[in-house]
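A.B. asks: For reference, the structure I am asking about is given below.
The values are calculated or read from the model by the stated rules, or taken from the named source; none is laboratory data. Given the structure is predicted, the values throughout are model-derived calculations rather than measurements. Every residue, glycine as well, gets a Cβ built from its backbone with ideal geometry; the counts of neighbours run over all protein chains shown. Surface accessibility is based on the protein's heavy atoms, side chains included, excluding ligands, DNA and RNA. Shrake-Rupley method; radii C 1.70, N 1.55, O 1.52, S 1.80 Å.
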Amino acid sequence: MTALANTLASYDEIRGIAARLVHEHYPGAVAAIIGGSFATGRQTASSDIDLLLLFDYVEHAWRSTIVAEGRTVELFAHDLATYRYFCREFDAPSGTVPLAMMVVEGENILAPGEHYARLQALALSIHAAGPPALTAVQLQMRRYEITTLLEDLVDSRHPGEALAVACRLYEKLADLRLRAAGQWSGGGKHLYRRLHAFDTVIAEQLDSALRLLASDLEGGQQAYAQLAASVLAPVGGPLLHGHSLSAPAHWRSELA
């Protein structure tokens, strides 16, 4: 945490820090986008600055964490080709698009040009396309994971263990609700925000169930069981019997 982390900065202050950083250290950038919490107005006193740097060409994409004028800055450096690759080959298959969202929600603090226009069009198209549909195997695996986690939760008599399982189950249920509906998912606070924007009822029920579990184990277990049934029902319900996975034939080591 930096010295200024207890001060809630205005967007204009953050924009000024980012602009000076780019001017002094990355003059070759053709676009610089402030994303994250400062772009969406959700910043806190300890929020860092997410800054996407676009260059005409980079030998390889990179990211770095630095401190500028007392503020933590997360830098993400790309050209159009590496940006497209990371969004389509790494982010999208996982059901999340953090790099695309930096551009969709963020502001370019440099003069607009062709490179930024192409970057913005690419990010908007990736976001609008939605995540790839879950395969039958992926859907079955999610159903199985939720079913087994729920069994662990409802059978637990240890509050600490139950809470640990419930946190994991929260993520699985929220992700399945989004992905099964063709919606982008997320991680951490972004998972909650995406679920709340798409299905406020389920988001609030999940939040309430987790809070209840922390103070009333049995009540929380019942709430989770009802939620799991609600989320699983449209995709085939719980899954245990008959679930199987085959490993690739080459997954073996030669014996001495």
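A.B. asks: Quick check, is Glu151 modelled with pLDDT of 95 or more, within 30 Å of Ile49 (Cβ to Cβ), out of contact with any Lys or Arg (no Cβ under 7 Å at 6 or more places or on another chain) and open to solvent by 30 Å² or more (accessible area, probe 1.4 Å)?
C.D. replies: On the way: modelled with pLDDT of 95 or more: yes; within 30 Å of Ile49 (Cβ to Cβ): no; out of contact with any Lys or Arg (no Cβ under 7 Å at 6 or more places or on another chain): yes; open to solvent by 30 Å² or more (accessible area, probe 1.4 Å): yes.
Judged against the criteria, Glu151 is not a match.
A.B. asks: From the list Tyr224, Tyr192, which one is at pLDDT 95 or above and within 21 Å of Asp91 (Cα to Cα)? Let's see the steps before the verdict.
C.D. replies: Working: Tyr224 fails: within 21 Å of Asp91 (Cα to Cα).
On inspection, the qualifying residue turns out to be Tyr192.
A.B. asks: Hey, another quick one. I'd like to know if region 14-22 contains one or more residues that are touching a His at 6+ places or on another chain (Cβ under 6 Å) and part of a helix (DSSP H, G or I). First the steps, then the outcome.
C.D. replies: Initial filter on region 14-22 (touching a His at 6+ places or on another chain (Cβ under 6 Å)): none.
The answer is no, given that none of the residues of region 14-22 is touching a His at 6+ places or on another chain (Cβ under 6 Å) and part of a helix (DSSP H, G or I).
A.B. asks: Let me ask something else about it. Would you pick out the residues in region 226-248 that are closer than 17 Å to Ala174 by Cβ and either in a loop (DSSP other than H, G, I, E, B) or in contact (Cβ under 8 Å) with a residue 40 or more places away in the chain (or both)? So that I can check it myself, show each step before the final result.
C.D. replies: Taking region 226-248 and keeping what is closer than 17 Å to Ala174 by Cβ, we get 226-235.
Correct list: Leu227, Ala228, Val231, Leu232, Pro234, Val235.
A.B. asks: A further question follows. Picking from Arg177, Arg211, which residue would you name as being open to solvent by 60 Å² or more (accessible area, probe 1.4 Å), closer than 30 Å to Leu52 by Cβ, assigned to a helix (DSSP H, G or I) and not polar (S, T, N, Q)? Reasoning before the result, please.
C.D. replies: Values: Arg211 fails: closer than 30 Å to Leu52 by Cβ.
Only one candidate qualifies: Arg177.
A.B. asks: Next question, about the same structure. Scan region 95-113 for residues that are free of Cβ contacts under 8 Å to residues at least 40 places away in the same chain and farther than 18 Å from Leu53 by Cβ and report the count.
C.D. replies: Residues meeting the conditions: 0.
A.B. asks: In region 177-193, how many are in contact with a Ser or Thr (Cβ under 9 Å, 6 or more places away or on another chain) and among the aliphatic types (A, V, I, L, M)?
C.D. replies: Looking only at that region, the number is 2.
A.B. asks: Going by what's in this entry, would Thr82 be described as open to solvent by 40 Å² or more (accessible area, probe 1.4 Å) and β-branched (Val, Ile, Thr)?
C.D. replies: Numbers: open to solvent by 40 Å² or more (accessible area, probe 1.4 Å): no; β-branched (Val, Ile, Thr): yes.
Considered against the rule, which asks whether it is open to solvent by 40 Å² or more (accessible area, probe 1.4 Å) and β-branched (Val, Ile, Thr), Thr82 comes out as no.
A.B. asks: Report whether or not Val104 is among the hydrophobic types (A, V, I, L, M, F, W, C), at pLDDT 95 or above and more than 21 Å from Ala181 (Cβ to Cβ). Lay out the reasoning, then the answer.
C.D. replies: Details: among the hydrophobic types (A, V, I, L, M, F, W, C): yes; at pLDDT 95 or above: yes; more than 21 Å from Ala181 (Cβ to Cβ): no.
The answer is no for Val104.
A.B. asks: Within the group Asp91, Asp56, which residue is modelled with pLDDT of 95 or more, in a helix (DSSP H, G or I) and either open to solvent by 40 Å² or more (accessible area, probe 1.4 Å) or among the charged types (D, E, K, R) (or both)? Walk me through how you get there before you give the answer.
C.D. replies: On the way: Asp56 fails: in a helix (DSSP H, G or I).
The conditions single out Asp91.
A.B. asks: For residues that are farther than 29 Å from Ala32 by Cα, assigned to a helix (DSSP H, G or I) and of a type outside the set (Val, Ile, Thr), tally how many sit in region 94-145.
C.D. replies: Here the count works out to 9.
A.B. asks: Restricting the search to region 158-169, which residues are surrounded by fewer than 18 Cβ atoms within 10 Å (Cβ to Cβ) and touching a residue at least 40 places away in the same chain (Cβ under 8 Å)?
C.D. replies: Passing the criteria: Pro159, Leu163, Cys167.
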